[in-house]
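Everything below concerns the one structure shown next.
Nothing in this text is a laboratory measurement; each read-out follows from the coordinates by a stated rule. Owing to the predicted nature of the structure, the values given are computational and were not obtained by experimental measurement. Here the Cβ positions follow ideal geometry from the backbone for every residue, glycine too, while neighbour counts run over all protein chains shown.
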Amino acid sequence: MAHSFITRIREHPNAPLALISISLIIVFTANLYGLLRDVSIVTPHLFYIPIIIAAFFYPRRGVLFAIVLSVAYLLMVIAVRPDNSPDIVSAGARCIVFVIIAAVVSYLSQQVSEREIALRESEEKYRAIIEKMQDIFYRTDLDGKITMLSPSAAQLAGYDSVNLIIGQDIAQLYADNAEYEKLLAVIREKGSVNAYPIRLRTRDGSIRHVTTSSHLYRNASGEVLGFEGVIHDITDQRRAEEALRSALKKLNMLSSITRHDILNQIMGLRTYLELSKDDLKGTKFEDYIEKEDKAAATIQRQIEFTKFYQDIGVNEPKWHDMGAVIREAAGQLNLAAVDLTVTVEGIWIYADPLIVKVFFNLMENSLRHGERVTRLEFSSLETEAGLVITYRDNGVEISYEDKKKLFQRGFGKHTGLGLFLSQEILAITGITIAENGEPGSGVRFEITVPKGGYRFS
């Protein structure tokens, strides 16, 4: 209540001067009357009123005001009682106290004023940021009533002014009440959420896809007052992603049709080459036909191989259980004579859904090119760079010269695409792969998953 009274006085520039002037008239009148009536003990204390008012509202001039007032009071005492030394000495002592009181009040008032100015400047900056930000800042009470909202919310929600939304139940802005209740449950449980996906419904009924980073809103004593956070509109991003997925789906369909037609033509070509070989048997053209058939077979093999990798980047990356992924890949191979060791259970990595093909390709290469492979091993180690998943076999090592070209397109004894495409699949989510095997110890592939791209269950 006192703070409200002081605030109202400060809103009127002349109000403090009026209070000081009125109090001075009353105080000097009362003291003059007291001196004339020989009452000089109580009335001087009234001087604290104008001194405190002046020092509080004008802290930089508070001490000067007290000095001037003290001199005026002392002169009045001398003028009224020139022969009364005790009263004069007492008045002089009071004047010193007046100045000290003014100095203390001025100092405290100045400290309060500086804090209020700093707080006001901080609030103005905070308000300016909120009013100009493109994202939406919101704050609600525990009942979900909107108490603060940035102007950008009006445009997103389809209102002319944000004032039409403040005071409403924020649940009305969400497209699905169940989604909203789930969001609140997560915030209550964890204290906050970051980039949490959810949908809003605008005034005209259209849906906007957004993410919110929100937390519990508390007062200075730690009591929960409500919720607040920032909402980021990702509708255009979602539309672009959907358009890209649609385009990729059409390209895959076209690729599938084209691949099917090419394979049919190659099959016809190889049939005629086989017939030509029979007709030209024993002639110099037989060797030519043989080479032509090998070239056609290579083309056929490469086209058939690309069928397994046509969905690279089409589907969104997701979290994969490494143990389950490796077992799925191993299940597609004949490992009856091979000892497979997997020590990556409980590790999840964020990768393209074709991650299974990566591990399938690594193990298939060992069986195809390792010559004497009897052991395959998967292990992991967390380092400063991230999580390193290591794949080893006990077969033939890769030469130093071949390591330089290992992940190049077209390099290899089969299709020349396996490791190249594996590298591309991993790169979608920032994962890298390298071969660091030592001579005489088989291959050693190290797959490095960056921080944030893996977790433990």
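If the cut-off is 21 Å between C-alpha atoms, which lysines fall inside it for Lys291, apart from same-chain ones fewer than 8 positions away?
Result set, ordered by chain and number: Lys277, Lys281, Lys413.
With a sphere of radius 15 Å drawn around the Cβ of Leu216, what net charge do the other residues whose Cβ falls strictly inside it have (Lys, Arg +1; Asp, Glu -1)?
So the environment of Leu216 carries a net charge of -1.
Express in % the proportion of alpha carbon pairs of the stretch 318-456 at distances exceeding 21 Å.
Of the Cα pairs, 37 percent sit more than 21 Å apart.
Using only the Cα atoms of the stretch 242-358, construct the convex hull and provide its projected area averaged over every direction, in square nanometres to one decimal.
The number I arrive at for the stretch 242-358 is 10.9 nm².
Could you work out how much longer the chain between Ile67 and Asp236 gets when fully extended? Use 0.36 nm per residue separation minus the Cα distance between them, nm to one decimal.
Values: separation 169, 0.36 × 169 = 60.84 nm, distance 6.91 nm.
Gain on stretching Ile67 to Asp236: 53.9 nm.
³J(HN,Hα) across the stretch 189-195 via Karplus (A = 6.51, B = -1.76, C = 1.60, θ = phi - 60°), whole Hz, x for Gly/Pro?
So the Karplus estimates, Gly and Pro as x, are 6, 9, x, 6, 9, 10, 6 Hz.
Which three lengths, in whole Å and largest first, does the stretch 75-152 cover when its Cα atoms are put on their principal axes?
Projected onto the principal axes, the Cα atoms of the stretch 75-152 cover 78, 27, 17 Å.
Just to be sure I follow: if Rg is taken over the C-alpha atoms of the stretch 147-231 and Rh is the Kirkwood radius over the same atoms, what is Rg/Rh?
On the Cα set of the stretch 147-231, Rg over Rh gives 0.97.
For the chain, take the longest principal axis of its alpha carbons; what is the angle in degrees between that and the long axis of helix 15-36, to the nearest 10 within 0 to 90?
For helix 15-36, the angle is close to 30 degrees.
Return one number: the angle in degrees, 0 to 90 and rounded to the nearest 10, between the long axis of the Cα atoms of helix 235-279 and the longest principal axis of the Cα atoms of the chain.
The helix 235-279 is inclined about 10 degrees to the chain.
With θ set to phi - 60° and the Karplus curve 6.51 cos²θ - 1.76 cosθ + 1.60, what are the ³J(HN,Hα) couplings of the stretch 317-327 in order, to the nearest whole Hz, using x for Gly and Pro?
Karplus-based 3J(HN,Hα) across the stretch 317-327 equals x, 8, 7, 10, 6, 4, x, 5, 5, 5, 5 Hz.
Check the straight Cα-Cα distances from Lys145 and name the lysines below 28 Å, setting aside those fewer than 8 residues away within the same chain.
Once the sequence-local lysines are set aside, what remains near Lys145 is Lys125, Lys132, Lys182, Lys190.
Show log10 I(q)/I(0) for the stretch 238-309 at q = 0.11, 0.15, 0.24, 0.25 Å⁻¹, two decimals, from a solvent-free Debye sum over equal Cα scatterers.
-0.43, -0.62, -0.99, -1.03
Evaluate the distance, in nm, between pseudo-label points positioned 7 Å from the Cα of Arg372 and of His260 along their respective Cα→Cβ axes.
4.8 nm
Report, in listed order, any pair from Lys294/Lys405; Lys307/Lys357; Lys249/Lys318; Lys318/Lys451; Lys250/Lys307; Lys403/Lys451 with a Cα-Cα distance greater than 21 Å.
Pairs exceeding the cut-off: Lys294/Lys405; Lys403/Lys451.
For the chain, compute the orientation-averaged projected area of the C-alpha convex hull (one quarter of its surface), in nm².
39.2 nm²
Go ahead and run the numbers for FRET between Met76 and Ile428, Cβ-Cβ distance against an R0 of 60 Å, rounding to 0.05.
0.10
Could you order the peptides 371-382, 265-276 from most to least packed, using the average number of other C-beta atoms within 10 Å per residue?
Output ranking for 371-382, 265-276: 371-382, 265-276.
By how many degrees, between 0 and 90 and to the nearest 10, does the Cα long axis of helix 85-132 differ from the longest principal axis of the chain?
It is inclined by approximately 30 degrees.
With just the Cα atoms defining each centre, how far is the stretch 159-215 from the stretch 230-270? Give it in Å.
Taking the Cα centre of the stretch 230-270 as reference, the centre of the stretch 159-215 is 34 Å away.
Just subtract the alpha-carbon distance of Glu223 and Ser246 from 0.36 nm times their residue separation and send over the number in nm, one decimal.
3.4 nm
Would you mind checking which residues have amide H under 5 Å from Asn394's amide H? H placed 1.01 Å from N; only 5 or more apart, or other chain.
Residues meeting the amide H criterion: Thr374, Arg375.
Quote the FRET efficiency, to the nearest 0.05, computed for Lys403 versus Thr283 with a Förster distance R0 of 51 Å and r equal to the Cβ-Cβ distance.
That gives a FRET efficiency of 0.70.
Work out the FRET efficiency for Ile26 and Ser161 from their Cβ-Cβ distance, taking R0 = 51 Å, and round it to the nearest 0.05.
Plugging the Cβ-Cβ distance into 1/(1 + (r/R0)^6) gives 0.55.
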